[in-house]
1. So, for the chain, what is the accessible surface per residue at a probe of 1.4 Å, expressed in square angstrom?
2. Provide the net charge surrounding T94, with neighbours chosen by a C-beta distance below 13 Å and charges set as Lys +1, Arg +1, Asp -1, Glu -1.
3. Can you give the convex hull volume per residue for the Cα atoms of the chain, as a whole number of Å³?
4. Between 0 and 90 degrees, rounded to the nearest ten: what's the tilt of helix 101-117 against the longest Cα principal axis of the chain?
5. So which chymotrypsin sites (Phe, Trp or Tyr not before Pro) in the range 21-70 pass both tests, a DSSP loop state and at most 16 other Cβ atoms within 10 Å of the Cβ?
Amino acid sequence: MRTREALRKAMLDLLSTKPFEQITIRELAADAGIGYTTFFRHHPTKESLLEEIATEEIRQLIDYTLVTFNASDTDTASLALCQYVDQHRTLWSTLLTGGAASALRDEFVRVAQEVAAHTPEQSDWLPAEFGVILVASSTIELLAWWLRQDDPMPLEKIAEIYRRAVLGPVFTLQENAAEA
């Protein structure tokens, strides 16, 4: 467990100083205080370490926000998502601006599709799978944009943008399709 945590910390530290593509396994091992070959006992590639971190963060985010999610009231879930990211701003900034945005997006889509698979189809024209991809991709892009700002907007404003620009169109379209 100590080695895994040391590798996680090393990856996040390195991501805060350089793009993911420039990070080497030798650097990760050195920063984690482990031998080069020890790295491979835990991860076959640096990408798998990044995916593990992304998986953990997305699961925590979804677990945190899912309990508040209600398609007819997206305000609470939007605020919860933004509060979670704001409380973990340093970590999410590092992940989203340090080269992990793609891994986070892919993991978000994967986890959200698992959740969507256990909910009834809400639209006869918008495939749930595409709705999940649309929301997940837009969520990651909005959060990355917010965290890159020199003078970031308050989380309440981002929550409103998220609700109106990301969730609103998908759930409004689903409601309108259901009524038609």
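1. Value for the chain: 54 Å² per residue.
2. +3
3. Residue-normalised Cα hull volume stands at 117 Å³.
4. Orientation of helix 101-117: about 50 degrees from the principal axis.
5. F69
The values are calculated or read from the model by the stated rules, or taken from the named source; none is laboratory data. All of these numbers come straight from a predicted model, not from anything done at the bench. As a convention, Cβ positions derive from the backbone with ideal geometry for all residues, glycine included, and neighbour counts pool all protein chains shown. Each accessible area value is taken on the protein alone, full model and side chains, heavy atoms only, with ligands, DNA and RNA left out. Shrake-Rupley method; radii C 1.70, N 1.55, O 1.52, S 1.80 Å.
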